[in-house]
1. What angle, in degrees between 0 and 90 and rounded to the nearest 10, separates the Cα long axis of helix 16-28 from the longest principal axis of the Cα atoms of the chain?
2. Just to be sure I understand the model, the point goes 7 Å from the Cα along the line to the Cβ. What's the resulting residue 90 to residue 15 distance in nm?
3. Using only the alpha-carbon atoms, how far is helix 51-101 inclined from the longest principal axis of the chain? Give it as 0 to 90 degrees, nearest 10.
4. Report the gain in length on full extension from residue 25 to residue 60: 0.36 nm times residue separation, minus Cα-Cα distance, nm rounded to one decimal.
5. Suppose all protein chains stay in the model; what accessible area per residue would a 1.4 Å probe give for the chain, in Å²?
6. Could you tell me the distance between the Cα centroids of the range 2-21 and the range 71-92, to the nearest Å?
7. Take the solvent-accessible surface of the protein heavy atoms, probe 1.4 Å, and return the percent of it on the chain that carbon and sulfur atoms account for.
8. Any chance you could count the Lys pairs in the chain whose alpha carbons are under 17 Å apart, treating pairs 8 or more apart or on different chains as valid?
Amino acid sequence: MIEVFTDTLLYWIPFYFAFKLAFLLWAMLPQTKGAKFLYDSFLKDFLKKNESKIDAALDDAKRTARSVGSEVVGMSAEVAAAGAKAVSDMQAAKNGTDKKDE
């Protein structure tokens, strides 16, 4: 994601894309087990140490998403009701003008 903004700068670093490709291949290929090495060496301890903070952040995000979702559903229902009323009013007005023309 950061590369989108720094792409012009990264272009000038010699062999950046070649090194990036090599790193990604090392990390993803099952023969090299690069991702497992990174997890065991760096992430595992960090995640264990901050597990409660991560869980709290996820619970907060879940509550926020739930409240936003319920607001969206409520607003959608209001918009749908207003749209249905507008269509009904338009049809009633059209039927009223059609009867006058006859």
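The values are calculated or read from the model by the stated rules, or taken from the named source; none is laboratory data. The structure presented is a predicted model; accordingly, all values stated were derived computationally and were not measured. All Cβ positions, even for glycine, are placed from backbone atoms using ideal geometry, and neighbour counts span all protein chains on display. Surface accessibility is based on the protein's heavy atoms, side chains included, excluding ligands, DNA and RNA. Shrake-Rupley method; radii C 1.70, N 1.55, O 1.52, S 1.80 Å.
1. Roughly 90 degrees between the two axes.
2. 6.5 nm
3. For helix 51-101, the angle is close to 20 degrees.
4. Details: separation 35, 0.36 × 35 = 12.60 nm, distance 3.54 nm.
Here the answer is 9.1 nm.
5. Heavy-atom SASA per residue in the chain reads 90 Å².
6. 50 Å
7. Looking at the chain in its full context, I get 69 percent from C and S.
8. 7
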